[in-house]
Every structure is written in C-alpha cells, then in structure tokens.
Amino acid sequence: MNPLCFRSGRSVIAASRVIEVLEDMGLIDPEGSRAWPLPPETDRELARVDWPRVGAPHTGSRDGAVPARVMKELEAMAGSGDDGRLEEVLDRLAWYAPIHFSGERWGVYIEEHAVITLAGRIGARLPAGRITDQATAQDAIRSALYTLYFHEAFHHYVESFAIRVELVEKTSRYVPYHHRVYSRPTGDDEPVEEALACAEMLRRQKKESGLKAIHRDIRRATRGLLEDWIPTLPGGYRKGLDLEQEARFKEAQNRVSSQIQAGTSVSSGDEARWRLIRRELYRGICDCRRNTYLVGTWGSPLILRNLCHPVTG
C-alpha cells in the first residue's frame, strides 16, 4: 500500500511528495483543460496569507491597517444595495488551482478585489448598514477572506479524496471526473461539488477558531449575506443552503465520491458505502492554508499586505 494513502489524525503530506508520486503515475496534466483559472502570471503581485495574523484578536497596533481608499470602497459597496457585483467572485476571482493541473503552483488564489467586494456586502447587513471604523472594516475583511477560503479549500478536499482513490486503484480518477462530470453538468443542480463547497462556507462559520476574534455582528452579517447570496447563484452553487445540515451534506458527499470513482454523474446506486471511509478520505492531503495567496491587480501592489507573508523565491 502506498504510504501516502492513509495518515492518522490531521497530519498533512508535503506537496512535493504527492506531486512526485502523481508524476510517476502519469497523473499530472499541466496542459489539460480545466474549469478554473490558471495560477496568476508573474506580472501580478501575490503573497501567502498569514492565517495566525488573520485570526488574531484586535490590538491597538492594528489601527490604520485598512487604507483610506479601501475604507471608501467598503462604504460604497455597503451602501450600493446590490449583491450583483458578487456574481463572478466564486471560482473566478477566488479559485482553486488543483495539484493535477498546476503541480507546484497548486493552491487557493483570492484576488484582493474579491475580498473587499464581499466585505462591503457583509457591511450592508450590519445593524447600521455601513462600515465607518477601522475595527469593523478589519473584521469584515477577515470574515470575507475566511469565507472565500472555505469554499475554495473544499475543492482541495475533493481532489484529496480523488488522489487517495488513485493511489489505491492505480488509475486516473480526478482528471476524468473534472472533465466528464464537473465541467459537463447534466442538470440544473450540478455540479454537486459546488453545492457542497457553498454549504461549507456556512458550516465552517461555526467551527473556525479564527472567527472567534471577529465581532458577533460581523459573523451574523456574514451568515445573512450567505443566506441571501447562495440561492441567487447558478447551477449547483445555489443548492448550498440545502446541504448545510449534516445528513444532507454527507449524502451529497457520497454522491461526489461515486462520481469521482466512476467518472460519470449517473448514480451508482451504492453511494452509501462511502460513509465508512468518507471522513478520512476527504481530509486535505496537503497544507491548503499554507498554499493560500492574496492576488493583487495587474501592475498594482497589494493593498491588504498586512494579512500576508511576502512570497519569496
């Protein structure tokens, strides 16, 4: 049995080891088509997210951390009364670059503009309906960043499941699934993976320790935004609220598991068998948080660099 298949607890494996094994098996497909954007080009500044800093409690030294121009944009978004500008955020302005397609450049990439836009719409659901002070702005930005991460990281968990199946069965599973199932939805509620990823945005709000440092009004406003926004999204995305509860979430996860193994969206009729090993196989196989990046706009420096480590090398 390949040593990468089973690991106890919450340990992760170095991505370089995973990539080496997948390359030896001929499963890395850097030239293949994919539904999500490529990792950013080198003309865009990006930096690794510093999660301990994102989840840290407020201190006096953080005053002034949000630039004046961002404060103005947050206030404008909060007062716009329109969630329409969120239309292309998920998997376009924030996206996952899978290991199978991106190799060493795999990870979660989140454009600053997506974080600021989502934070502004969170602000619209605050009791005052606006963002005027630094503490509120910082909390809204941090909540937005976590929320986008929850969605995109779920795509890594799906790929992690596929990798483990590939290691056992010694055949390609993720790329066929991505091409035949995910990229070719057969109904209005497909792909199921996106419904699960949207449900994850809600489910992780209750579990993420880093959110405890964020004011409860921001946390409530974030949930309110998700409840309003998710049903307006296209295809499978809009079904996220239906899968928030544990039983429905597990049922849908079993369906995706069968889709990955079979390479088809047609039900196998025995999807419940995955319940025996689902929890372990859907753990992130690599450190997704460490491979999460904020991406600046073309030709401009990062604005929210106080939330990041600089990328070196």
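The values are calculated or read from the model by the stated rules, or taken from the named source; none is laboratory data. Quantities reported herein were computed from a predicted structural model and do not represent experimental measurements. Heads up, the Cβs are rebuilt from the backbone with ideal geometry, glycines too, and the neighbour counts pull from every protein chain shown.
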Requested in this report: Those residues that are among the small types (G, A, S) and over 16 Å from the mean Cα position of the chain (by Cα), I need them from the range 161-209; list them, please.
Outcome: A162, S172, S183, G187, S209
Report summary line: Looking across the range 66-116 at residues that are β-branched (V, I, T) and assigned to a helix (DSSP H, G or I), the single one that is surrounded by the most Cβ atoms within 10 Å (Cβ to Cβ) is V115
Query raised in the report: Which of the residues belonging to the range 196-241 are hydroxyl-bearing (S, T, Y) and over 26 Å from P52 (Cα atoms)?
Result: T232, Y237
Query - Unique match (being surrounded by fewer than 23 Cβ atoms within 10 Å (Cβ to Cβ), small (G, A, S) and under 27 Å from G79 (Cα atoms)) among A119, A135, A144 - result: A135
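Here's the yes/no breakdown for (1) within 23 Å of V89 (Cβ to Cβ); (2) hydrophobic (A, V, I, L, M, F, W, C); (3) in a loop (DSSP other than H, G, I, E, B); (4) under 19 Å from the mean Cα position of the chain (by Cα):
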| position | (1), (2), (3), (4) |
| --- | --- |
| Q259 | no, no, no, no |
| S267 | no, no, yes, no |
| W274 | no, yes, no, no |
| R279 | no, no, no, yes |
| D287 | no, no, yes, yes |
| L294 | yes, yes, no, yes |
| S300 | yes, no, yes, no |
| I303 | yes, yes, yes, no |
Query raised in the report: Looking only at the range 274-313, which residues are farther than 10 Å from A47 by Cα and free of Cβ contacts under 8 Å to residues at least 12 places away in the same chain?
Result: L276, I277, R279, G313
Query raised in the report: If you check T147 against the conditions, is it modelled with pLDDT under 95 and of a type in the set (S, T, N, Q)?
Result: no
Query raised in the report: Can you tell which of R184, R220 is charged (D, E, K, R), surrounded by fewer than 22 Cβ atoms within 10 Å (Cβ to Cβ) and not in a helix (DSSP H, G or I)?
Result: R184
**Report entry** Positions within the range 248-278 being of a type in the set (A, V, I, L, M), closer than 18 Å to G187 by Cβ and either touching a Gly at 6+ places or on another chain (Cβ under 6 Å) or loosely packed, with under 15 Cβ neighbours inside 10 Å (or both), in sequence order
**Finding:** V266
Requested in this report: From G235, G240, grab the single residue that is surrounded by fewer than 16 Cβ atoms within 10 Å (Cβ to Cβ) and touching a residue at least 12 places away in the same chain (Cβ under 8 Å).
Outcome: G235
Query - Among the candidates Q245, Q259, residue that is within 19 Å of S160 (Cβ to Cβ) and of a type in the set (S, T, N, Q) - result: Q259
Report task. Select from the range 137-162 the residues that are of a type outside the set (A, V, I, L, M) and in contact with a helix residue (DSSP H, G or I) (Cβ under 7 Å, 6 or more places away or on another chain) and list them in ascending order. Result -> Q138, D139, R142, S143, Y146, T147, F150, H151, F154, H155, E159, F161
Report summary line: Over the range 226-241, the set of residues in a helix (DSSP H, G or I) and in contact with an Asp or Glu (Cβ under 9 Å, 6 or more places away or on another chain) is D228, W229, T232, G235, G236, Y237, R238, K239, G240, L241
Query - Residue among R53, R48 that alone is among the charged types (D, E, K, R), surrounded by 14 or more Cβ atoms within 10 Å (Cβ to Cβ) and under 16 Å from the mean Cα position of the chain (by Cα) - result: R48
